[in-house]
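See below for the structure under consideration.
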Amino acid sequence: MRCERYIGTQGGGMDQSISFLAQAGTAKLIEFNPIKATDVQLPDGAVFVVSNSRVEMQKAATSHFNIRVVECRLSCQIIAKSKGLDWMNIKKLGDLQTALGVSLEGMLTIVKDVLHEKPYTKEEICQILNSTEDDLNQNSLSQNTIQVQSFKLYQRATHVFGEANRVQKFKSICDGARNTEGADVKLGQLMNDSHISCRDMYECSCTDLDRLVDLCRQSGALGSRLTGAGWGGCAVSMVPSNKVTDFINNVTAKYYCNESVATVNESLFATAPGSGAAIYI
């Protein structure tokens, strides 16, 4: 995670964590500060299929990724100030929730009450925080976002708390899947809602990735969403295990029709939870 800082990307630690904490046969709920991994048993009868959009986004070559981080930080600080908290030292939405001691649903209500939907100007943010532009640049922005003048704070905060809420609902359904009728359909809908939020509220998808997700749903996926940082990369789809072959054939015909067999094989495949990195002695 620290390595990404050297190239100017304010990334997180999800990929690095699951690379070491993964265990065969179970998904994981990853939490941070302190880092914690909880087993999540996926329901029987469904398989996750990965599909690569073949679109690449170099995070360090653009400011897209860091702008989202900054927008989350600014939304956090404005809400913190509105609640009388030490806003300069609360820069993560998770820390804000902890400080306020409310649920994820409660945070979504607070976001709606405090933030407006239209983009904030840099000048407006300075006025709300009673900060100079130089101080804002120093305390809240990153080097490659200093020139940004417009920030979508309501949308980004809504996505983050909404996505966290969907993760908790996903785990809850998995925990009770054997006693929950239509659990796989409910999980699929959460995945679909997640992609819609990534696309519309966090705006980290792209045209080809949206098309791929739509094709996956049309091809029999119960749910499909982008995975990873976004702006390209892969989608992950939950597919009934007895329909995986038909699903792969349909997606191949609709999205990868001009690609070689080798490209298709490395871009579209069914998966199962596997073990993470290990040292054998």
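The values are calculated or read from the model by the stated rules, or taken from the named source; none is laboratory data. Predicted model, so just to flag it, every value in this text is computed and none were measured. Every residue, glycine among them, receives a Cβ derived from its backbone with ideal geometry; neighbour counts consider all protein chains shown. Surface areas here come from the heavy atoms of the whole protein model, side chains and all, with no ligands, DNA or RNA. Shrake-Rupley method; radii C 1.70, N 1.55, O 1.52, S 1.80 Å.
Every residue in segment 22-34 that is open to solvent by 60 Å² or more (accessible area, probe 1.4 Å) and either assigned to a strand (DSSP E or B) or at pLDDT below 90 (or both), please. Outline the logic, then answer.
First, pick out the residues of segment 22-34 that are open to solvent by 60 Å² or more (accessible area, probe 1.4 Å): 23-24, 31-34.
Hits for segment 22-34 are Q23, E31, F32, N33, P34.
Here are N144, N137: which of them is at pLDDT below 95 and outside any loop (DSSP other than H, G, I, E, B)? Full working, then the answer.
Values: N137 fails: at pLDDT below 95.
Exactly one of N144, N137 is at pLDDT below 95 and outside any loop (DSSP other than H, G, I, E, B), namely N144.
If we keep just the residues of segment 165-174 that are more than 16 Å from I30 (Cβ to Cβ) and either in a loop (DSSP other than H, G, I, E, B) or not polar (S, T, N, Q) (or both), which is most open to solvent (accessible area, probe 1.4 Å)?
K169
Of everything in segment 190-202, what is open to solvent by 60 Å² or more (accessible area, probe 1.4 Å) and touching a helix residue (DSSP H, G or I) at 6+ places or on another chain (Cβ under 9 Å)? Give them in sequence order.
Within segment 190-202, the subset open to solvent by 60 Å² or more (accessible area, probe 1.4 Å) is 196, 199-200.
Correct list: R199, D200.
Here's the yes/no breakdown for (1) within 22 Å of Y202 (Cβ to Cβ); (2) in contact with a Leu (Cβ under 8 Å, 6 or more places away or on another chain):
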residue: I146; (1), (2): yes, no
residue: K152; (1), (2): yes, no
residue: A157; (1), (2): yes, yes
residue: G162; (1), (2): yes, yes
residue: R166; (1), (2): yes, yes
residue: C174; (1), (2): no, yes
residue: R178; (1), (2): no, no
residue: K186; (1), (2): no, no
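For S205, which of the numbered conditions (1) within 30 Å of E124 (Cβ to Cβ); (2) surrounded by fewer than 22 Cβ atoms within 10 Å (Cβ to Cβ) fails to hold?
(2) is the only condition that S205 fails.
Considering only segment 208-236, state which residues are of a type in the set (D, E, K, R), touching a Lys or Arg at 6+ places or on another chain (Cβ under 7 Å) and crowded, with 19+ Cβ neighbours inside 10 Å. Steps first, answer last, please.
Taking segment 208-236 first, the residues of a type in the set (D, E, K, R) are 208, 210-211, 214, 217, 225.
From what is left, the residues that are touching a Lys or Arg at 6+ places or on another chain (Cβ under 7 Å) are 210.
Matches in segment 208-236: none.
List the residue pairs whose Cβ atoms are under 6 Å apart, where the first residue sits in segment 203-228 and is among the small types (G, A, S), the second is open to solvent by 60 Å² or more (accessible area, probe 1.4 Å), and the two are 6 or more positions apart or on different chains.
S205/R199; S219/N250; G220/K243; S224/R217
Of the residues that make up segment 175-192, is at least one within 28 Å of K92 (Cβ to Cβ) and at pLDDT below 95?
Residues of segment 175-192 that are within 28 Å of K92 (Cβ to Cβ), as a first pass: 175, 187, 190-192.
Filter again for at pLDDT below 95, leaving 175.
Checked segment 175-192: at least one residue is within 28 Å of K92 (Cβ to Cβ) and at pLDDT below 95.
With the requirement that a residue be closer than 27 Å to L104 by Cα and either of a type in the set (A, V, I, L, M, F, W, C) or surrounded by fewer than 15 Cβ atoms within 10 Å (Cβ to Cβ) (or both), what does segment 127-164 give you?
Passing the criteria: I128, L129, L141, S150, F151, L153, A157, V160, F161, A164.
In segment 237-278, which residue that is closer than 22 Å to A22 by Cβ and touching a Cys at 6+ places or on another chain (Cβ under 9 Å) is surrounded by the fewest Cβ atoms within 10 Å (Cβ to Cβ)? Don't jump to the end; show me each part of the working.
First, pick out the residues of segment 237-278 that are closer than 22 Å to A22 by Cβ: 237-239, 241, 244, 266-278.
Imposing the further condition that a residue be touching a Cys at 6+ places or on another chain (Cβ under 9 Å) reduces the set to 237, 239, 267.
Details: S237: 31, V239: 26, S267: 18.
Across segment 237-278, the extreme among qualifying residues is S267.
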